[in-house]
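Colleague: Below is one structure. I have some questions about it.
The values are calculated or read from the model by the stated rules, or taken from the named source; none is laboratory data. On a predicted model such as this, the values are computed, not experimentally measured, just so you know. When we count neighbours, we look across all protein chains shown, and the Cβ atoms used for this are built from the backbone with ideal geometry, even at glycine. Note: areas computed on protein heavy atoms with side chains; ligands, DNA, RNA excluded. Shrake-Rupley method; radii C 1.70, N 1.55, O 1.52, S 1.80 Å.
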Amino acid sequence: MAKVLITGAAGFLGSHLCDRFIKEGHEVIGMDNLLTGSMSNIEHLFPLKQFEFHFHDITKFVHIPGRLDYILHFASPASPIDYLKMPIQTLKVGALGTHNLLGLAKAHAARILVASTSEVYGDPLVHPQPEEYWGNVNPVGPRGVYDEAKRFLEAITMAYRNFHEVDTRIVRIFNTYGPRMRLNDGRVLPTFMRQAIQGEDLTAFGDGSQTRSFCYVDDLVDGIYRLLLSDYTLPMNIGNPSEISIKEFGEEILALTGANQKIVYQPLPQDDPKQRCPDITKARQLLGWEPKVSRKEGLARTYAFFKEVLKP
Ligand code: UDP
């Protein structure tokens, strides 16, 4: 049984990771400052002996007494609206927070897995995106605070590996969805779900032809779990390569919910990537992993969650 620290534990991905590690029999310390996370995502874990919660901002020195085997660093604002509202916190958690956790990993000789993102590819000129692609990022645009923080996170993680021999893993996460996504984080899926349920038109940005590839959260968590336990130390894409335009995605959600509304078009935000799809050859070959949950199944489970959340 390992002792695991998960930062961003009260967030969407962090809370699902807590669930998985507890299910595997490990002891979990969840850490969060609740900037974008929510206690409701982890309150079911509080009665468990295996779980403890530390309310802490990881941009300040992080101390964990006793043994620590694994660190999963998932703390960060993670939607375009969030990092527009919190640009400095986004940069600090990616830079100072990652630095603190790498220091903690070094002190405990713990293995650390850090959450990077497909945003390191920016508005990609190579499609689908393999890990070797260096990306097309605007450092001074609105997304720059997130993209560059995550690029720094990768760089400092490799530096700690090469210079201090810290045992590191880097996952590049593509668009992920599922229960516990925040309703008002501006992301396309919670927005479309809310609009469909509340009788509003669905707001597609631009002409809706931009693409994303959506991975169901359980698949993502499984890929991360396998990556942590693997020997692979360079960045690895984890995502679902089933690509869809935002317009078609809206149509799927209208069909699923039986809503009668239409899709309306609004201006495309600056630097919005035109296409995004992971090349998951490495995850397939080295982890024996690939997504199992179809969009139909995943969207149905997510719809059940949002219907409950939005119940009058
Ligand atoms: N989007 C949209 N309508 C919305 C919210 C988002 O059309 O109400 C688009 C957005 O412009 C982007 C895509 O959906 O092209 C995915 O946006 P999201 O914020 O979910 O994540 P991103 O992949 O851009 O980080």
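Colleague: Given the residues I170, I156, I112, which is the only one that is surrounded by fewer than 20 Cβ atoms within 10 Å (Cβ to Cβ) and more than 13 Å from the ligand (Cβ to nearest atom)?
Modeller: When all the criteria are applied, what remains is I156.
Colleague: Could you tell me whether K307 is charged (D, E, K, R) and either on the phi > 0 side of the Ramachandran plot or not in a helix (DSSP H, G or I) (or both)?
Modeller: Criteria not met by K307.
Colleague: Now, a different point. Exactly one condition in (1) modelled with pLDDT of 95 or more; (2) touching a strand residue (DSSP E or B) at 6+ places or on another chain (Cβ under 8 Å) is not met by K49; state its number.
Modeller: (2)
Colleague: Just wondering, is there one or more residues in segment 260-281 that are within 22 Å of G122 (Cα to Cα), more than 16 Å from the ligand (Cβ to nearest atom), in contact (Cβ under 8 Å) with a residue 40 or more places away in the chain and of a type in the set (S, T, N, Q)?
Modeller: So far as segment 260-281 goes, yes, one or more of its residues are within 22 Å of G122 (Cα to Cα), more than 16 Å from the ligand (Cβ to nearest atom), in contact (Cβ under 8 Å) with a residue 40 or more places away in the chain and of a type in the set (S, T, N, Q).
Colleague: Just to verify a result, which residue in segment 199-209, among those that are open to solvent by 20 Å² or more (accessible area, probe 1.4 Å) and part of a loop (DSSP other than H, G, I, E, B), is farthest from the ligand (Cβ to nearest atom)?
Modeller: G199
Colleague: When only residues in segment 282-300 that are open to solvent by 50 Å² or more (accessible area, probe 1.4 Å) and either part of a loop (DSSP other than H, G, I, E, B) or modelled with pLDDT under 95 (or both) count, which is farthest from the ligand (Cβ to nearest atom)?
Modeller: Restricting to residues being open to solvent by 50 Å² or more (accessible area, probe 1.4 Å) and either part of a loop (DSSP other than H, G, I, E, B) or modelled with pLDDT under 95 (or both), the top hit is G288.
Colleague: Would you point out the residue of segment 115-134, among those that are in contact with a helix residue (DSSP H, G or I) (Cβ under 8 Å, 6 or more places away or on another chain) and within 16 Å of the ligand (Cβ to nearest atom), that is farthest from C277 (Cα to Cα)?
Modeller: That would be A115.
Colleague: Sticking with this structure for a sec: If you take the residues in segment 70-90 that are in a loop (DSSP other than H, G, I, E, B) and in contact with a strand residue (DSSP E or B) (Cβ under 6 Å, 6 or more places away or on another chain), which one is farthest from L13 (Cα to Cα)?
Modeller: A75
Colleague: Something else now. Give segment 134-180 a look and list any residue that's in contact with a Lys or Arg (Cβ under 9 Å, 6 or more places away or on another chain), more than 28 Å from L268 (Cα to Cα) and basic (K, R), or say none.
Modeller: R169
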